[in-house]
Every structure is written in structure tokens, then in C-alpha cells.
Amino acid sequence: MKIVDPNNPIPKYLQISSWLRESILLGRYETGEKIPSEIELAQMCDVSRNTLRQAIGELTAKGMLRKAKGLGTFVTASEPVALRRKLDRISSFGQELNKTGVLEKTRILKKGYELPSKHVERNLALNAGSRVIAVKRLRTGDDIPLIYEETYLPVDIFDGILDMDLTGSMYEIFTRKYSVALTRCEQVIRAVNINQKIAGLLGLHVNSAALYMESVTYNDRNIPVEVLCCYFRGDKYGFEVELGRYHLTQ
């Protein structure tokens, strides 16, 4: 049986993940069952282990597979489950993702000082012409690109942060290194179709559906300390919100 067609323009790892998904849906690999090892699957598909890992990562990010260190990879669901982010508190993407068993990594695309847009300038309550610290990062789960984010910070509060390792939780740096208490956050989320730049970073087609989230975070003196702009893959992410009791208005 030929799983991967080298003449097919679809990337090999997507051909493999599609075959694995179909195998799970048809019951060849049942929930809780261990699938063949990476070496066995790479040989079956006639691809490198890196390509095979990418295919496994695709289904892990969807919640269909789970990696257990030293034990192998197991089927967790017969249908893809979107990653969920609860909007009940200020939280770190890396911490949230690691709870699901997905390995998070961050790649710094660009960092430095720049003049902000009027929108960012206004949200950070800066004087006209003030520079900001800008950090642009790509967040991945099991090597699958999930989020592109742009962070904008006031220079006077976070001077020196560009010399630090920014591949981990920036909120932890804010709290531990700068003693900034993150007390509240205003967020706006909307559906968008991504442009060529964002699509290329997230491994999607131009105009693919995505979720755009813009956050303004405040410290304990009600001063804005961060503007965060994120593009979440629409096929990977969902947001979960818990609502309070309904009250009849008079």
C-alpha cells in the first residue's frame, strides 16, 4: 500500500496525517491504542523521521494523538478536538499548551525598538513620537505553527528586556524581573482572513480563516503595560468563556 505519493503537490506530512486520521476514524487504531513507532511508520510511508514527526504533530495538535515519553504515541480521540484557551484569567500560552501534553516552542522573528502605530500608541497611553519595544514571535505546538504574535511594550517600564531570553513566558519575566503585577486585561477577538505574510508563517493558504485577538494588559496602578496582537489558526484553536447568571432587566 502506497501511503505517500511523491508526485502529489500536497506536503508529505499532510498526506501521512490524513492517512492516519482516516485509519483512526475507520477503527484501525482505536482510542487508547498505541500506534506503530516513528521508525515503523517512517518505513511504512518511506519518509524521513522528521517528516513523520511533523505528521504526528499535526494530529497531536488536533487532539487525536498523545505522546507519552518513553512509551510511544497513543490515540486519544476519534475526532479532532480543537485546542481551547479559557478566557477567565491572564495566562501564558506556553503554560496553557503544555497542560494539554503538546510541546510548545517559540521562535523570535524580530525584536527591537520601533515607532508604534497610532492605535498602539493610544492603547499604551504614550506621548506622540514615543518608541516602543516590539517583539514578534511564532508559537508552535509539536512543531506545528499555531500562533503569530506581536508584543508592544513601554520602554520606560521594560528597559533591558531585549537582552533577555524571550522564547519562554514573557509574563513570567514581567512579574519576576520587573515586579510588574498583571491585574487586568481587555481583549477583543474577531474572525479574519489572513494575508500572505501571516499565512506563510502559519503554514496556511492566503485568506485562510483565523482568529485575531488584541489584548491590552494593565498593572496594579491601572497603567497599560502591554499591547498584544495575536493570530490564532482557525483550524486549531477555540476560545472557552464561562458566563454568569442571567438577570432579568426591568
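The values are calculated or read from the model by the stated rules, or taken from the named source; none is laboratory data. No experiment lies behind these values; they were computed from the predicted model shown. So basically every Cβ, Gly included, is an ideal-geometry build from the backbone, and we count neighbours across all protein chains shown.
Counting only residues that are of a type in the set (A, V, I, L, M, F, W, C) and in a loop (DSSP other than H, G, I, E, B), which one in region 199-232 is farthest from Leu182 (Cα to Cα)?
Out of the qualifying residues, it is Val206.
Can you tell me which residue among Glu58, Glu40 is over 22 Å from Glu149 (Cα atoms) and assigned to a helix (DSSP H, G or I)? Write out each step before concluding.
Numbers: Glu58 fails: over 22 Å from Glu149 (Cα atoms).
Result: Glu40 is the single residue among Glu58, Glu40 that is over 22 Å from Glu149 (Cα atoms) and assigned to a helix (DSSP H, G or I).
Looking at Lys110, is it under 21 Å from the mean Cα position of the chain (by Cα) and over 19 Å from Ile198 (Cα atoms)?
So Lys110 fails the test.
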(1) over 16 Å from Lys86 (Cα atoms); (2) assigned by TED's automatic domain parsing to the domain that holds Leu153; (3) exposed (fewer than 15 other Cβ atoms within 10 Å of the Cβ) all hold for Arg184 apart from (1)
Is it the case that some residue within region 53-69 is loosely packed, with under 15 Cβ neighbours inside 10 Å and more than 30 Å from Met213 (Cβ to Cβ)? yes
Are there any pairs with C-beta distances below 9 angstrom linking a residue in region 138-154 that is in the same structural domain as Phe174 (by TED's automatic domain parsing) and at pLDDT below 90 to a residue that is part of a loop (DSSP other than H, G, I, E, B) and small (Gly, Ala, Ser), with the two at least 6 apart or on different chains, and if so which? Ile144/Gly203; Pro145/Gly203
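Among the residues of region 233-250, how many are touching a helix residue (DSSP H, G or I) at 6+ places or on another chain (Cβ under 9 Å) and either surrounded by fewer than 19 Cβ atoms within 10 Å (Cβ to Cβ) or part of a strand (DSSP E or B) (or both)? Spell out the reasoning first.
Our first condition is that a residue be touching a helix residue (DSSP H, G or I) at 6+ places or on another chain (Cβ under 9 Å); within region 233-250, this holds for 233, 236.
Remaining after also requiring either surrounded by fewer than 19 Cβ atoms within 10 Å (Cβ to Cβ) or part of a strand (DSSP E or B) (or both): 233.
Count: 1.
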Among the residues of region 171-178, is any under 21 Å from Lys110 (Cβ atoms), touching a strand residue (DSSP E or B) at 6+ places or on another chain (Cβ under 8 Å) and among the hydroxyl-bearing types (Ser, Thr, Tyr)? no
Taking the conditions exactly as written (over 25 Å from Leu126 (Cα atoms) and in contact with a Ser or Thr (Cβ under 7 Å, 6 or more places away or on another chain)), does Ile194 satisfy them or not? yes
